[in-house]
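Note sheet for the following structure.
The values are calculated or read from the model by the stated rules, or taken from the named source; none is laboratory data. Computed from a predicted model, the values in this text were never measured in an experiment. Cβ coordinates were reconstructed from backbone atoms using ideal geometry, including for glycine residues, and neighbour counts include every protein chain displayed. Just the protein is used for accessible areas: all its heavy atoms, side chains included, with ligands, DNA and RNA removed. Shrake-Rupley method; radii C 1.70, N 1.55, O 1.52, S 1.80 Å.
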Amino acid sequence: MLFLYEFDIAAIFISLILIGFYFQKHQIASLQNRSFLMYLCNLTFVSSLEIVLSVIYKNDIACPSLVLWCLQVLFLTFTKAFGLIFAVYCIGLSDLLNDRHYKYHWFINCITLIPYAFAVIIIWLSPFFCKSYPLAFILDEAGRPEMNISGVWYNFLYALGGFYVLFSIVLVISQKKKMNATKRIVLYICSIFAFVAVLIQLFIPSVAIESFALALAALIFFFYMQNPEEVIDSVTRLFNQIAFVKITGRYFNKDIPFTCISILIDDTVFLSHTFGISQVNNFLGEVAKFLRATFSYDSCFCINQNCFTIVIKNPNEKKVEDAIEKLQDRFQMNWYYDSVELKLYIRECVVECPRCAKKSEEILDILNLVATDERYKQPVVYANEIDLEYKRRNDYIEYALKNGITQNRFDVYYQPIYSTADRRIIGAEALIRLRDEKGRFLSPEDFIPIAEKSGTILRIGEFVYESVCRTISQIDLNAYGIKKIDINLSVAQCMQEILAEQILSIQSIYQIPAEIINLEITETAAAHSPEILLHNMERLAAAGFELSLDDYGSGYSNMNYMLNLPFKMVKIDKYIVWSAFTDERAKKALTATIQMIKSLGMTVLAEGVEDRAQAALLAELGCDYLQGYYFSRPVKKNEFLMLMKSQLENPTVVI
């Protein structure tokens with residue numbers, strides 16, 4: 001019998017702390033989270049039973065035979081449940097059971113439940129056969145039940161744990177695309193760790209180390225796998241867009257009807273410039289408090305800075321109307337924070353699912369359309385009123401994208417970049433343009449998001465980069481005075497582990513100098529896959545490419561990107577530039593931003609320069625490069641080369 005139970009005490013201590021943290025943090029109601037909580041509860045119960053049994057046996061405490069049998073059977077039943085719980089956890093992590101396209105749900109259920117059910121039968125039959133045919137238990141010299149550690153069936157029960165570990169590892173490998181590399185490695189390490197501990201327990205039964213090892217594994221899981229902050233918006237403390245996609249995706253897969261009522265707050269950029277981002281965040285926090293108090297926490301989401309969403313499961317007309325009325329009544333009043341009063345103007349968008357959207361991404365697309373399209377500037381917008389137009393627009397653009405490259409409808413245009421130091425145009429930004437069958441240009445703001453969703457953006461990005469490399473290889477750069485060409489990298493490109501390899505491969509084919517290329521990366525791309533992006537950026541920077549942070553200030557500008565990623569230049573978003581010429585506070589913010597970037601040893605490019613006054617002020621503030629319609633609109637390759645040739649011989653743009 002197990003007598004050294006100090007490890008069990010430590011295991012109970014760890015598991016109780018983790019249970020406390022679990023309930024302190026807001027968790028999504030998912031199979032992964034439920035199985036993790038079950039793991040912790042099971043660990044606490046098993047460790048407690050192990051201590052009780054050890055005390056009874058060590059001190060020869062008189063105890064009724066029936067009670068001893070119950071304790072032993074319960075202990076072994078719940079101990080062998082760890083393998084099952086771990087397998088269920090891995091299933092939840094891969095979200096297999098919520099994937100309606102997966103064909104083998106029945107197989108997963110059978111291979112998970114049947115072995116444990118068989119083990120439970122063996123354990124609970126053991127008391128009846130302990131004398132005639134010992135299974136999991138035998139009787140000691142005092143006639144008390146104890147583990148039959150040398151028996152075949154007891155070893156079979158231990159082998160069952162190994163089966164579940166192996167099954168879980170195979171499952172994780174087969175579904176590796178659904179989880180990142182860090183989580184997979186943690187799963188592998190914890191599996192090996194727990195397996196070794198079980199072997200030690202098997203061969204040295206007097207040391208109760210198994211529960212302690214499982215507690216340490218739970219601790220590692222909590223920090224690396226169960227990170228609730230991943231699904232929580234840092235400003236409002238509501239569930240974020242990641243949580244929204246997970247929860248609504250589960251509703252779609254289970255055919256649960258629901259309605260999304262979204263609050264779109266207008267003029268958040270203006271409010272940020274007027275009151276400051278910090279103050280606006282405080283008011284967003286007040287909005288979040290109201291939503292939590294009015295609706296259940298699990299139904300409230302912060303999709304982005306200007307969009308909150310309420311999800312109503314199994315809705316009826318009255319529920320939806322009441323929710324809309326509550327929101328309208330509250331937002332008709334002012335908001336207060338720290339003696340500051342603010343009026344928030346909102347629009348509401350109602351999306352009935354699955355009537356108006358068949359998947360989570362379609363809901364987000366509808367919200368984005370309503371937020372950006374001037375035609376939907378009305379108090380309440382119902383998705384069913386815009387659904388047909390939305391689908392037609394998407395289908396039209398998707399068709400144009402599908403045939404864009406094969407039918408040679410894509411063009412690369414160049415928008416010149418002015419250097420304040422050289423006092424002339426020294427390069428350009430390469431921009432993609434798409435024409436439909438009738439030769440009409442489609443706006444990049446329309447087709448780029450759809451291309452990113454469909455994956456076509458990868459082909460477009462490669463097309464732009466190769467076109468630029470081909471152009472550079474065919475001309476004498478010095479003869480045109482070209483010092484740099486900027487190329488945008490999409491979010492999808494930055495998520496590719498082979499991005500650096502592809503860029504370096506094309507560069508080597510055309511034999512162009514790396515330092516002539518400046519690769520632009522947006523804050524959104526930096527946030528999506530930071531580990532992959534950092535690896536790619538380090539390789540590209542080492543090869544000589546210049547890297548710049550694009551559209552800085554267009555969202556929640558994160559200084560960590562400038563500090564931790566090897567950027568050499570920061571491009572300030574045009575809306576920040578324009579605001580500085582209409583609002584004194586915005587001008588001060590722009591001035592401070594430029595000074596900060598320069599102090600970090602990076603250069604600054606200001607976008608959206610439209611007149612001479614803007615150019616002069618931005619140059620005075622310290623901008624190294626300027627770009628906008630004042631210098632030139634995006635032009636075709638030949639026009640750009642002619643412009644470079646003529647202005648090199650006779651500079652005409654002076655500020």
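You will find that of ARG585, ARG633, the residue that is part of a loop (DSSP other than H, G, I, E, B) and among the basic types (Lys, Arg) is ARG633 and no other.
Residue check: is TYR625 free of Cβ contacts under 8 Å to residues at least 40 places away in the same chain, touching a Lys or Arg at 6+ places or on another chain (Cβ under 9 Å), open to solvent by 30 Å² or more (accessible area, probe 1.4 Å) and not polar (S, T, N, Q)? Judged against the criteria, TYR625 is not a match. Against the conditions (1) surrounded by 20 or more Cβ atoms within 10 Å (Cβ to Cβ); (2) of a type in the set (Val, Ile, Thr); (3) touching a residue at least 40 places away in the same chain (Cβ under 8 Å), ILE256 satisfies every one except (1).
Residues in the range 26-48 include none that are in a loop (DSSP other than H, G, I, E, B) and among the aromatic types (Phe, Trp, Tyr). Return yes when GLY143 is on the phi > 0 side of the Ramachandran plot and either at pLDDT below 80 or open to solvent by less than 70 Å² (accessible area, probe 1.4 Å) (or both) and no when it is not. In short, yes.
To keep it simple, each residue is scored yes or no on (1) out of contact with any Cys (no Cβ under 6 Å at 6 or more places or on another chain); (2) of a type in the set (Lys, Arg); (3) open to solvent by 60 Å² or more (accessible area, probe 1.4 Å); (4) farther than 24 Å from LEU157 by Cα.
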site	(1), (2), (3), (4)
LEU66	yes, no, yes, no
CYS70	yes, no, yes, no
LEU74	yes, no, no, no
GLY83	yes, no, no, no
LEU93	yes, no, no, yes
LEU96	yes, no, no, yes
ILE108	yes, no, no, no
ALA117	yes, no, no, no
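The one condition from (1) within 30 Å of ASN109 (Cβ to Cβ); (2) exposed (fewer than 14 other Cβ atoms within 10 Å of the Cβ) that ILE28 does not meet is (2).
Each row is one residue, and each column tells you yes or no for (1) more than 23 Å from LEU549 (Cβ to Cβ); (2) at pLDDT 95 or above; (3) out of contact with any Pro (no Cβ under 9 Å at 6 or more places or on another chain).
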{"position": "LYS574", "(1), (2), (3)": "no, no, yes"}
{"position": "SER579", "(1), (2), (3)": "no, no, yes"}
{"position": "GLU584", "(1), (2), (3)": "yes, no, yes"}
{"position": "LEU590", "(1), (2), (3)": "no, no, yes"}
{"position": "ILE597", "(1), (2), (3)": "no, no, yes"}
{"position": "LEU600", "(1), (2), (3)": "no, no, yes"}
{"position": "CYS623", "(1), (2), (3)": "no, yes, yes"}
{"position": "GLN627", "(1), (2), (3)": "no, yes, no"}
{"position": "THR652", "(1), (2), (3)": "yes, no, yes"}
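Screening VAL235 with (1) in contact with a Gly (Cβ under 9 Å, 6 or more places away or on another chain); (2) modelled with pLDDT of 75 or more; (3) assigned to a helix (DSSP H, G or I) gives one miss only, at (3).
Pairs meeting the criteria (first residue in the range 439-455 and under 19 Å from GLN407 (Cβ atoms), second residue modelled with pLDDT of 80 or more and acidic (Asp, Glu), beta carbons under 7 Å, at least 6 apart or on different chains) are LEU442/ASP436; ILE450/GLU398; SER454/GLU398. Looking across ALA514, ALA500, one residue alone is in contact with a His (Cβ under 9 Å, 6 or more places away or on another chain) and not polar (S, T, N, Q). It is ALA500.
None of ARG409, ARG375, ARG347 is under 22 Å from GLN241 (Cα atoms) and either touching a residue at least 12 places away in the same chain (Cβ under 8 Å) or over 26 Å from the mean Cα position of the chain (by Cα) (or both) except ARG347.
The single condition from (1) outside any helix (DSSP H, G or I); (2) open to solvent by 40 Å² or more (accessible area, probe 1.4 Å) that GLN595 fails is (1).
For the range 338-360, a residue qualifies if it is open to solvent by less than 80 Å² (accessible area, probe 1.4 Å) and not in a loop (DSSP other than H, G, I, E, B), and the qualifying residues are VAL340, LEU342, ILE346, ARG347, GLU348, CYS349, VAL350, VAL351, GLU352, CYS353, SER360. Just need a number here: residues in the range 564-612 that are without any contact (Cβ under 8 Å) to a residue 12 or more places away in the chain and in contact with a Phe, Trp or Tyr (Cβ under 8 Å, 6 or more places away or on another chain). Looking only at that region, the number is 1. Taken over the range 46-74, the residue count meeting the criterion of being of a type in the set (S, T, N, Q) and free of Cβ contacts under 8 Å to residues at least 60 places away in the same chain is 2. For the residues THR294, THR274, the requirement of being open to solvent by 30 Å² or more (accessible area, probe 1.4 Å) and closer than 14 Å to LYS343 by Cα singles out THR274. Looking across the range 297-319, the residues that are open to solvent by less than 20 Å² (accessible area, probe 1.4 Å) and touching a residue at least 60 places away in the same chain (Cβ under 8 Å) come down to CYS300, PHE301, CYS302, ILE303, CYS307, PHE308, THR309, VAL311. Out of everything in the range 259-276 that is touching a residue at least 24 places away in the same chain (Cβ under 8 Å), in a helix (DSSP H, G or I) and among the polar types (S, T, N, Q), what residue ends up being farthest from LEU364 (Cα to Cα)? Checked the range 259-276; the qualifying residue farthest from LEU364 (Cα to Cα) is THR274. Restricting the first member to the range 168-182 and to residues that are closer than 18 Å to PRO115 by Cβ and in contact (Cβ under 8 Å) with a residue 24 or more places away in the chain, and the second to residues that are open to solvent by less than 70 Å² (accessible area, probe 1.4 Å) and among the polar types (S, T, N, Q), the beta-carbon pairs closer than 8 Å and six or more apart or on different chains are SER168/SER191; LEU171/SER94.
Say we look at the range 517-526 and pick out the residues that are assigned to a helix (DSSP H, G or I) and open to solvent by less than 60 Å² (accessible area, probe 1.4 Å); which of these is nearest to ILE460 (Cα to Cα)? Filtering the range 517-526 for residues that are assigned to a helix (DSSP H, G or I) and open to solvent by less than 60 Å² (accessible area, probe 1.4 Å), the one nearest to ILE460 (Cα to Cα) comes out as ALA525. A residue that is modelled with pLDDT under 85, crowded, with 19+ Cβ neighbours inside 10 Å and not small (Gly, Ala, Ser) can be found somewhere in the range 544-560. Scanning the range 277-289 for any residue that is touching a strand residue (DSSP E or B) at 6+ places or on another chain (Cβ under 7 Å), part of a strand (DSSP E or B) and at pLDDT below 90 turns up nothing.
Considering only residues that are among the hydroxyl-bearing types (Ser, Thr, Tyr) and touching a strand residue (DSSP E or B) at 6+ places or on another chain (Cβ under 8 Å), look in the range 378-437 and name the one that is most open to solvent (accessible area, probe 1.4 Å). Looking at residues that are among the hydroxyl-bearing types (Ser, Thr, Tyr) and touching a strand residue (DSSP E or B) at 6+ places or on another chain (Cβ under 8 Å), I get TYR382.
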